[in-house]
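I have placed the structure first, in the form of structure tokens, so that the comments after it can refer back to it.
Bear in mind these aren't lab numbers, they're just calculated from the coordinates by the rules spelled out. The structure displayed is predicted, hence computed values, not measured ones. In this analysis, Cβ positions are derived from the backbone assuming ideal geometry, glycine residues included, and neighbour counts consider all displayed protein chains.
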Amino acid sequence: MNTTALSAQSWKETLKEKLPLLGHRNWIVVVDAAYPAQTTPGIVTILCDEPQEQVVKTVVEALAGTKHIRPVIYLDKELQYVAEKNAPGITAYRNALNTVLSKSKPEVMLHESIISMLDEAGKTFNIILLKTRLTLPYTSVFFRLECGYWTDDAEKQLRTDMAK
């Protein structure tokens with residue numbers, strides 16, 4: 001298990017240090033306390049002793065400061081349906097997360113579908129898991145990294161031109 005517990009400043013420094021090394025198909029995932037340790041060698045888990053929404057905000061800000069990568073953000077569909085009576089604090093978390101991600105357009109998918117994509121990527125590409133102490137279900141935020149200087153539309157156009 002490749003897990004490191006770091007102070008607030010240390011995990012931020014580690015993220016800043018690793019960002020230039022990350023690229024298309026890498027992932028950064030901010031997870032809650034129950035997220036399991038994984039055995040894939042390319043996954044590095046860092047324990048962050050800060051509120052989860054603050055960790056998400058730090059990742060969003062760090063990615064906004066890069067030119068070589070851009071995130072596609074995924075949220076668990078189940079998060080929309082978790083009831084306050086079953087998970088006290090979930091409404092406040094959702095509101096805080098909506099504020100942090102207000103400039104983004106997260107894609108919403110079933111948790112198992114996102115995990116399947118993450119598992120597949122982890123076979124070949126590095127993944128950074130930032131684990132928080134949050135104890136609310138379906139609160140993970142998944143950042144799949146894409147090339148920051150090449151758009152999906154440009155790729156489609158390239159493929160169309162190549163097919164001619």
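Worth a mention:
- Using alpha-carbon coordinates, inclination of helix 111-122 to the longest axis of the chain, degrees: 60 degrees
- Going from the residue with the fewest nearby Cβ atoms within 10 Å to the one with the most, Thr160, Thr66 rank Thr160, Thr66.
- Legend: distances between Cα atoms for Lys57/Lys123; Lys16/Lys103; Lys103/Lys131; Lys105/Lys131; Lys18/Lys57; pairs beyond 25 Å are Lys57/Lys123.
- Listed residue (Cys147, Leu110, Leu47) projecting farthest to the positive dipole end of the chain, Cβ model: Cys147
- Cα long-axis angle, helix 152-163 against the chain (0 to 90 degrees, to the nearest 10): 30 degrees
- In the stretch 3-163, inverting the average of 1/r over every pair of distinct C-alpha atoms gives 16.4 Å as the Kirkwood radius.
- In this Cβ point-charge picture (+1 for Lys and Arg, -1 for Asp and Glu), the chain has a dipole of about 260 debye about its Cα centre.
- Lysines whose Cα lies under 20 Å from that of Lys85, excluding same-chain neighbours fewer than 8 positions away: Lys77
- Charge context of Arg70, other residues only, Cβ under 14 angstrom, K/R +1, D/E -1: -1
- The stretch 87-164 and the stretch 17-34: distance between their alpha carbon centers, rounded to Å: 10 Å
- Relative contact order, whole percent, for the chain stands at 43, derived from Cα pairs under 8 Å and 6 or more residues apart.
- Cross-link reach is defined here as a Cα-Cα straight distance under 18 Å, omitting same-chain residues fewer than 8 places apart; for Lys156 the lysines meeting it are Lys164.
- Remark: Phe142, Phe125 ranked as Phe125, Phe142, counting other beta-carbon atoms within 10 Å and listing the fewest first.
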